[in-house]
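Trainee: Dumping the structure here so I can ask a few things about it.
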Amino acid sequence: MAEKIGVSTIGFTKTSAENFFSRLKRAKVKKMIDVRLHNTSQLAGFAKADDLAFFLKTIGGIAYEHAPLLAPTEEILKYARSGKADWAKFEKDFLALMASRKIERAFEPQIFTEACLLCSEDKPHHCHRRFICDYLNRKWNGRLAVTHL
């Protein structure tokens, strides 16, 4: 069996920059993979794409990459934020999107080594970053050892 690949996930809301970057450093993250559709919003604070790339490199020597292929579509995102969202429907729609994009072929497992998937949600329970890891683990026979920071 292939060796497990350690990957983390993290959200930036409801936390301070100090707490956020400390968690990344403790987890020894080497690369941040931003799975947000919109990564330039002024509402993102310290997690706005260009600022975040600078902070990651300066504070922790962490590389940054944006992976919109792992983000929900505008339609799915709008539904999720509507206040009327059914979480089971969101999950079904997002997993179908991942399947249609064939993300398991678009990415090699090794790119997730010492990486951390970033989204806005503070907890992974209701966030697409967890679905990405779960989906890829099903396709890659459990290759990813996932830690939610």
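The values are calculated or read from the model by the stated rules, or taken from the named source; none is laboratory data. Quick caveat, the model's predicted, so the values are computed rather than measured. Virtual Cβ from ideal backbone geometry, glycine too; neighbours counted across all protein chains shown. The area values use the complete protein model at the heavy-atom level, side chains included, leaving out ligands, DNA and RNA. Shrake-Rupley method; radii C 1.70, N 1.55, O 1.52, S 1.80 Å.
Trainee: Does Glu104 qualify as being assigned to a helix (DSSP H, G or I) and either in contact (Cβ under 8 Å) with a residue 60 or more places away in the chain or farther than 26 Å from Lys48 by Cα (or both)?
Mentor: Considered against the rule, which asks whether it is assigned to a helix (DSSP H, G or I) and either in contact (Cβ under 8 Å) with a residue 60 or more places away in the chain or farther than 26 Å from Lys48 by Cα (or both), Glu104 comes out as yes.
Trainee: Can you pull out the residues in the stretch 27-52 that are of a type outside the set (S, T, N, Q), free of Cβ contacts under 8 Å to residues at least 60 places away in the same chain and open to solvent by 50 Å² or more (accessible area, probe 1.4 Å)?
Mentor: Leu37, His38, Leu43, Lys48, Asp50, Asp51
Trainee: Can you pull out every residue in the stretch 1-43 that is within 15 Å of the chain's Cα centre (by Cα), more than 24 Å from Pro109 (Cβ to Cβ) and part of a helix (DSSP H, G or I)?
Mentor: The one that is within 15 Å of the chain's Cα centre (by Cα), more than 24 Å from Pro109 (Cβ to Cβ) and part of a helix (DSSP H, G or I): Phe20.
Trainee: Let me ask something additional. Any idea which of (1) farther than 21 Å from Val29 by Cβ; (2) at pLDDT 95 or above is the one Trp140 doesn't satisfy?
Mentor: Condition not satisfied by Trp140: (1).
Trainee: Run Pro72 past the list (1) under 15 Å from Glu121 (Cα atoms); (2) in contact with an Asp or Glu (Cβ under 9 Å, 6 or more places away or on another chain); (3) part of a helix (DSSP H, G or I) and report the number of the one that doesn't hold.
Mentor: Only one criterion in (1) under 15 Å from Glu121 (Cα atoms); (2) in contact with an Asp or Glu (Cβ under 9 Å, 6 or more places away or on another chain); (3) part of a helix (DSSP H, G or I) is unmet by Pro72, namely (3).
Trainee: I'd like the full set of residues that are modelled with pLDDT under 95 and either open to solvent by 50 Å² or more (accessible area, probe 1.4 Å) or part of a loop (DSSP other than H, G, I, E, B) (or both), limited to the stretch 111-129.
Mentor: Result: Ser120, Glu121, Asp122, Lys123, Pro124, His125, His126, Cys127.
Trainee: Let me ask something else. Being open to solvent by 10 Å² or more (accessible area, probe 1.4 Å), among the hydrophobic types (A, V, I, L, M, F, W, C) and without any contact (Cβ under 8 Å) to a residue 60 or more places away in the chain is the filter here; which residues of the stretch 2-26 pass it?
Mentor: Selection gives Ala17, Phe21.
Trainee: Within the stretch 71-80, is there a residue that is open to solvent by 30 Å² or more (accessible area, probe 1.4 Å) and within 24 Å of Ala145 (Cα to Cα)?
Mentor: Narrowing the stretch 71-80 to residues open to solvent by 30 Å² or more (accessible area, probe 1.4 Å): 73-75, 78-80.
If we keep only those that are within 24 Å of Ala145 (Cα to Cα) as well, we get none.
Checked the stretch 71-80: no residue is open to solvent by 30 Å² or more (accessible area, probe 1.4 Å) and within 24 Å of Ala145 (Cα to Cα).
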